[in-house]
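Worksheet: the structure to be examined is printed underneath.
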Amino acid sequence: MTRRLPVVVFSDVDRVLHYPGTPSWIQAAKALKRLESARVPLILCSRQTRAEIERIQQVLEIHHPFVCESGGAAFVPSGYFEFQVQSARDVAGYQAVEFGRPYPDVVRTLRRTADRLRIDISVFSDMSVEDVARECSLPLLQARLAKLREYSERFLVLDAVDKTRTRLFGALKTEGLRCIAVERYDQVGGPATNNVGVNLLRTLYERAHGPVIAVGLADAAADDTFLDVADRRVMVSDDTRAQGGIDVAGWAEAIVDIVEELH
């Protein structure tokens, strides 16, 4: 009898998963227990901060590696694998492999570039938790977690003219930074993408368990192409959202259905 390959699930968090706070999250956590029973890890990938992802994992009751701040770093819980993760540093109970530039460096480069171009910007580092909550329509807790940035900064170009924003994006690219257009406050960080962290984690799982099947789930508007490394892909399209979208419970059930089919 042919042994079935282990399954690892990589999921985009942004727009597919909204922040915890609705009853559907309880349903999602119950569904995901079936993954835990089957020993299938769920890896969250996001432009959100480490603290924001930790909060999501806490609500969903999962304890696996994740990729934060659009590929800024991959965080592996200490002792998760039976071997040391190469090129990692110990950070608050994790082995972190960092691909992005340090937050202070990103902020300095952003400010210097905007000043040189005489473009006025508003940045998270200058804002209070209350400011972020109001500007981004977030609960205070989420705003607090969103400010705990390590590899990227969120910023708003105050000039409403599109070409001003485009000019700043281009100048930051020449400085070795990557800009991601987000709903209101854009994000800037190192040139890494979620793909880098996903590739690393897949390599680690294969070192630990042999060949694996990678399942990927992402929104159609995901800021990179990390699904390219997945063997089985699920895309949440804009059409799906127009018809009511996929809530977190539906997202969890979709993942569980795919995994059970592969098992």
>> Looking at THR193, THR225, THR164, THR174, can you tell me which residue is more than 26 Å from GLU54 (Cβ to Cβ) and either open to solvent by less than 20 Å² (accessible area, probe 1.4 Å) or under 15 Å from the mean Cα position of the chain (by Cα) (or both)?
In response: THR164
> Does ASP120 satisfy being over 21 Å from the mean Cα position of the chain (by Cα), surrounded by fewer than 16 Cβ atoms within 10 Å (Cβ to Cβ) and touching a residue at least 12 places away in the same chain (Cβ under 8 Å)?
Replying inline: yes
> If you check every pair at least six apart or on different chains, which have Cβ atoms under 9 Å apart with a residue in the range 198-211 that is under 12 Å from LEU5 (Cα atoms) first and a residue that is open to solvent by 50 Å² or more (accessible area, probe 1.4 Å) second?
Replying inline: HIS209/LEU5; GLY210/LEU5; PRO211/LEU5
>> Filter the range 30-74 down to the residues that are assigned to a helix (DSSP H, G or I), among the hydrophobic types (A, V, I, L, M, F, W, C) and surrounded by 19 or more Cβ atoms within 10 Å (Cβ to Cβ) and list them by number.
In response: ALA31, LEU32, LEU35, ILE53, ILE56, LEU60
> Counting just the residues of the range 81-108 that are touching a Leu at 6+ places or on another chain (Cβ under 9 Å) and among the β-branched types (Val, Ile, Thr), which one comes out farthest from GLU206 (Cα to Cα)?
Replying inline: VAL106
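Each row is one residue, and each column tells you yes or no for (1) modelled with pLDDT of 95 or more; (2) more than 30 Å from TYR185 (Cβ to Cβ); (3) in contact with a Ser or Thr (Cβ under 7 Å, 6 or more places away or on another chain).
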| position | (1), (2), (3) |
| --- | --- |
| THR22 | no, no, no |
| ALA38 | no, yes, no |
| PRO41 | no, yes, no |
| GLN48 | no, no, no |
| GLN57 | no, no, no |
| PHE66 | yes, no, no |
| SER78 | yes, yes, no |
| SER87 | no, yes, no |
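The values are calculated or read from the model by the stated rules, or taken from the named source; none is laboratory data. In this text, all values refer to a predicted model and were calculated from it rather than measured experimentally. Cβ atoms come from the backbone with ideal geometry, glycine included; neighbour counts cover every protein chain shown. The area values use the complete protein model at the heavy-atom level, side chains included, leaving out ligands, DNA and RNA. Shrake-Rupley method; radii C 1.70, N 1.55, O 1.52, S 1.80 Å.
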